[in-house]
Amino acid sequence: MKNTGERQIPSLPGTLENLDIKHTQRYQWASAFTHHKRVYDIACGTGYGSLLLEASTYTGFDNSAEAIEYANQYYATNESVKFAVVDACAMPSDIEITDVIVSFETIEHLKEPEAFLDWCSKHSQMLIISSPIRGSFGRSHFHLFEYRLEQFSQVLHKYFSKVTLFTQKQDQEIVYPCLPEDKGVAIGVCQP
């Protein structure tokens, strides 16, 4: 699989080897919410999150056919792990409701992020979502928009009645509560 610099690709397929620790720690942290739950991982990339979320059933969605082919080859190790090519901007309305949706580093790539949040609010009991806080890192040319922490909170509150924000600091530590001056990646745990 070609490495464009945007996706995490392990050096040894089917493992977590040499992945950016910030990404694997985020998935490990989220496993406290996904343990033995039905999980959708939207924008799952190469599928390594399936190893960390401890879900009873895991379905990974990504808009890249190449990433999903890779995920099916190396991470679909049993019948409870599935992957499908689906664009986060065009999630089917007839997909059944799941326990938890995980969507890390996705919303900043979407042309219609609020349509995605609306879909998530209607298709899960919980959304765990992350996005880089504007000004924390050099702006990626892959991102259409980056939220300030307050903006991220506001947009999540439009679609979810309960939102708890955490910050994954630049040293990888995930902390609560968020402070207005925090830098790093914002993580929202949201319930309709």
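When residue 177 is tested against the conditions (1) touching a strand residue (DSSP E or B) at 6+ places or on another chain (Cβ under 7 Å); (2) part of a loop (DSSP other than H, G, I, E, B), the lone failure is (1).
Taking every residue in the stretch 30-58 that is closer than 23 Å to residue 113 by Cα and pairing it with any residue that is of a type in the set (D, E, K, R) and modelled with pLDDT under 95, at least 6 positions away or on another chain, the pairs with Cβ-Cβ distances below 8 Å are 43/105; 45/7; 46/7.
Return the total of residues in the stretch 161-174 being part of a loop (DSSP other than H, G, I, E, B) and either over 17 Å from residue 28 (Cα atoms) or at pLDDT 95 or above (or both).
Of the residues in the stretch 161-174, 1 are part of a loop (DSSP other than H, G, I, E, B) and either over 17 Å from residue 28 (Cα atoms) or at pLDDT 95 or above (or both).
Of all residue pairs spaced 6 or more apart or on separate chains, those with beta-carbon atoms under 7 Å, a first member in the stretch 65-94 that is over 25 Å from residue 115 (Cα atoms) and a second member that is of a type in the set (Ser, Thr, Tyr) and loosely packed, with under 15 Cβ neighbours inside 10 Å are 80/56.
Taking the stretch 1-90 and the strands (runs of 3 or more DSSP E) fully enclosed by it, the elements with 2 or more residues that are within 15 Å of the chain's Cα centre (by Cα) and aromatic (Phe, Trp, Tyr) are at 57-62. Pairs needed: first member in the stretch 177-192, touching a residue at least 12 places away in the same chain (Cβ under 8 Å); second member anywhere, basic (Lys, Arg) and part of a loop (DSSP other than H, G, I, E, B); C-beta distance under 8 Å; at least 6 residues apart or different chains. Listed by first residue and then by second, the contacts come to 182/169; 183/169; 184/169. Of all the residues in the stretch 7-39, those that are modelled with pLDDT under 80 and at positive phi number 1.
Scanning the stretch 15-31 for residues that are buried (at least 16 other Cβ atoms within 10 Å of the Cβ) and farther than 21 Å from residue 187 by Cα returns a single hit, 16. Answer yes or no as to whether residue 157 is over 21 Å from residue 35 (Cβ atoms), modelled with pLDDT of 95 or more and over 17 Å from the mean Cα position of the chain (by Cα). It is true that residue 157 is over 21 Å from residue 35 (Cβ atoms), modelled with pLDDT of 95 or more and over 17 Å from the mean Cα position of the chain (by Cα). Of the numbered criteria (1) within 18 Å of the chain's Cα centre (by Cα); (2) touching a residue at least 24 places away in the same chain (Cβ under 8 Å), the one residue 162 fails is (1).
Scanning the stretch 147-187 for residues that are surrounded by 16 or more Cβ atoms within 10 Å (Cβ to Cβ), farther than 20 Å from residue 112 by Cβ and of a type in the set (Phe, Trp, Tyr) gives a single hit, 166.
The values are calculated or read from the model by the stated rules, or taken from the named source; none is laboratory data. As the structure is a computational prediction, the values presented were derived from the model and not from experiment. Glycine gets a Cβ as well: all are built from the backbone with ideal geometry, and neighbour counts include every protein chain shown.
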